[in-house]
1. Rounded to the nearest 5, what % of DSSP beta bridges with both residues in the stretch 32-186 are antiparallel?
2. For the chain, what is the charge dipole size about the Cα centre, in debye to the nearest 20, if Lys and Arg each add +1 at the Cβ and Asp and Glu each add -1 at the Cβ?
3. Angle, helix 134-151 long axis vs. longest principal axis of the chain, Cα atoms, 0 to 90°, nearest 10?
4. Filter 584/643; 529/677; 677/704 down to the pairs with a C-alpha to C-alpha distance above 25 Å, please.
5. Once you mark the chymotrypsin sites (Phe, Trp or Tyr not before Pro) that are in a DSSP loop and have at most 11 other Cβ atoms within 10 Å, what is the longest gap between them in the chain?
6. Can you tell me, using C-alpha contacts under 8 Å and at least 6 residues apart, the relative contact order of the chain as a whole percent?
7. Roughly how far apart, in whole Å, are the Cα centres of the stretch 672-715 and the stretch 20-55?
8. Just to confirm the filter: which trypsin sites (Lys or Arg not before Pro) across the stretch 748-783 are DSSP coil and have at most 16 other Cβ within 10 angstrom of their Cβ?
Amino acid sequence: MSLTSPGRVLVVGAGMVAHHLVEQLVARSPEGEWQLTVLGKEDAAPYDRVHLSEFFTGRDGSALTLSGTPWLDPRVQLRTGDPVRSIDRDARTVTTRSGRVEAYDHLVLATGSWAWTPRTEGTDLPGVFTYRTLGDVEALRDWVARRTEELGRPLAGAVVGGGVLGLEAAAALQTLGTSATVVEFADRLMNVQLDDGGGEALRVLVTGLGMDVRTSTGATRLGAADDGAVATMDLSDGSSVPADVVVFSTGVRPRDRVARESGLAIGERGGVVVGPTCRTSDPSIWAVGECASFEGECTGLVAPGNAMADVVVDQLLGGSATYRPAADGTKLKGVGVDAASFGDVFALTPGALEVMFADPVAQTYRKLVVSDDARTLLGGVFVGDTSLYSSLRPMLGRPLGADPSAFLAPEGGAPAPGPDLPDDVVVCSCSNVSAGTVRAAVTEHGCTSVGEVKTCTRAGTVCGSCVPLLTKIVSSTLESAGVTVSNAMCEHFAMPRAELFALVRRDGLRTFTQVVEAHGTGRGCAVCKPAVASMLSSTNAGHVLEREHAALQDTNDHVLANMQKDGTYSVVPRVRGGEITPEKLVVLGRVAAEFGLATRITGAQRIAMFGARIDQLPAIWRRLVDAGFESGQAYGKSLRAVKSCVGQAWCRFGVQDSASMAVRLELRYRGLRSPHKFKVGVSGCARECAEARGKDVGVIATEKGWNVYVGGNGGFTPRHAELLAEDLDDDRLVQVIDRFLAHYIQSADRVQRTAPWVAEYPGGLAELRRVVVDDARGLGAELDAVMAEHVAQYTDEWRATLDDPEKLRQFVSFVNAPDTPDPDLVYAPVRGQVRPARAGDDVADRSPVVARTLEVRS
Ligand SMILES: Cc1cc2nc3c(=O)[nH]c(=O)nc-3n(C[C@H](O)[C@H](O)[C@H](O)COP(=O)(O)OP(=O)(O)OC[C@H]3O[C@@H](n4cnc5c(N)ncnc54)[C@H](O)[C@@H]3O)c2cc1C
Ligand code: SF4
């Protein structure tokens, strides 16, 4: 197909949408007679701005460059580093900054946006940045390195703007080793995309990452240090925060100056006015992407920009496509917590109903907005767990097919829409690819993997949030076509998890980057990144707070503590086998009293202390570690505790020393990272006082030794552990448990507990017994070695953290004056202690974490 009229196309702006346009023109007109020149302002060739933040996790600028294939076409030219200064519409030419004049028959404006900053005093100080281009992030990185050296201490970082990009920027600052205060004018984070409940849930999660979130306030002035660099930020609530580096993320404005000066129509709120064909007020000039104003709105996302580029390509080739804005979703990325939304988030549609489920323990908030008859999906908000986002977003405006609350039920609810979606449902909104197009890529174009489908259709290549659903559709289409389905973990790793785990272990790989370089491709995704993080933890590849590992960890692992519903943390030291000396009990009591912590004996025979502020954790743990305590890893996917009864030592029914065995097992498996948390129980006789069969590994004494049971758990779907082996002596018992756990860690899916792993084990429990107990596959020595290595390399995570100033930097203070109670922490008295206040409570007005002695009003 050729262009319908003289074929010199000039594209101004070499950003993401310009790149998409060129790619599409080359693909749709492989033989056509046309010439296309792209003129870019930035020095770099078009790059993936969406993943700009990955610059801080080891990707240099060149790794972000978008596919170079379009530039290989002899009809295409790319000129960078020379912005267009003016357009002469009569002569149909543009002039660049260097004085170059280029003629065109069709001009496409793709100049994007610029990062707007408010007129706050001090925005011109050294150390103040925006967050839009490769140049911005390079300058930010260089500043932090230089200024840290000059000041000889970690920098205080601040971000103005608590939207998706502001949070990405704050996470980037933390990766660079600075603290991060996020200042947001609205009353919640991501106020455009999240409702009140979602915003509050996100605040709790983000605070858990160590960010200091200040909402309902704005930056009013930046103050300078003696050498002229930025040093402080004054806020409209009268407070001031230290700020050695400041990033403004306060929105973007369409870059329309050249168009405006050439006399093209400009929208009231800026942007080059375009109609449905994406033509401007001059029929030979088009505008696409963030610089275009359609029906008075400029987009801020890639998907609509790419849709506009598709329209222009189609029109250039004689087609009649028109642009129609589609509802978009937004997913937070690169921050370490999950948040996403789509559609009518605020239920503004007349009669709209909201169904929500908030789980403060799991720290999740999920809401669906549906029509007044509860049938049609109008929107969704997901914080803490966005697994439903990818499958439900394509159903926007369609019948849900089940009671909305069933989708939100934590367990056993309606399954999310799967691979049988109708053909016309858009699966990937960034590249506007429907379920039918994905299926056709398999059935008509011969694609046999998700990677091939992505290359063929461009689905999943921009923000990546649709990849889980895409994978399901591809697998089911391949299966229906009788093609063997690839068991690749994801498009970045061609092997299943178990195989990759073996390679990671064999090669001694210690970082995500090393794993990708050795056995994968690309930058990783939501499937493989956490999976690899779990493998690295299990193979003792370094402390979880080491720089590259830290970015992969869950919220609680970030601070080696479990966040509670009020944003404070619990402290749970290990109490091996439930045994504790009177001296250690006294230490726990003293620490709890001094730091004003509420105490409680847990179901796992430990003592948990509640209400610690993040910045108090190191001081609390210093006291505990000095007294001989170690981390109880109540926060990690690892051994929680070994529960035991008193057994033969004290109990008249006991037939074995269950307490000693419990201590032996706890010392052996403490710190062992695994696909999910696991628990162990040991009972001294068949009366089962330790409730061992409700554990992942249950040990019950017999007259002859020990019976071992596996795959039990409590929780939503309780399951009794099943008998794996009988009458084992002490050493053999330990060996069987070693092998069971090592085999589970090597071959289970990500976040799969032992119960489903045992239930789904190929060949069932009999085969598992053959492998673990009888060593029928000859894996025994390898599994023994895995556990021996773990035992030899165990170190206490809290002790290692206290010994390392770099790791301690995660535990930043949120308040300016540490001795001043945090006004957000309000407590109510309960049975001589306190708990976080609820609406209607008679509250104590002091935070227990600052008070030395609890003072509560009753
Ligand atoms: C950190 C970050 C994260 C993001 N994450 C997401 C996300 O998850 N999902 C999403 O959909 N979107 C995201 N975005 C937004 C997305 O990057 C933009 O929507 C997209 O890049 C817009 O493409 P564009 O081509 O219209 O503009 P741009 O990518 O901005 O490209 C415009 C280019 O034109 C150049 N230019 C301007 N004026 C001239 C001139 N006179 N002459 C020559 N060249 C000129 C500019 O220098 C620029 O290189 C993110 C943006 C950032 C900064
Ligand atoms: S399980 Fe048996 S040994 Fe243990 S406390 Fe109960 S009765 Fe005693």
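The values are calculated or read from the model by the stated rules, or taken from the named source; none is laboratory data. Keep in mind it's a predicted model, so treat the numbers as computed, not measured. Ideal geometry is used to build each Cβ from the backbone, glycine not excepted, and the neighbour counts take in all protein chains shown. With ligands, DNA and RNA removed, areas are computed over all heavy atoms of the protein, side chains included. Shrake-Rupley method; radii C 1.70, N 1.55, O 1.52, S 1.80 Å.
1. 55
2. 920
3. Roughly 50 degrees between the two axes.
4. On the way: 584/643 18 Å; 529/677 19 Å; 677/704 30 Å.
Checking Cα-Cα distances, 677/704 exceed 25 Å.
5. In short, 1-649.
6. Working: 1792 pairs, mean separation 62.6, N = 858.
Value for the chain: 7 percent.
7. Here the two parts' Cα centres lie 59 Å apart.
8. Sites meeting the loop and neighbour criteria: 777.
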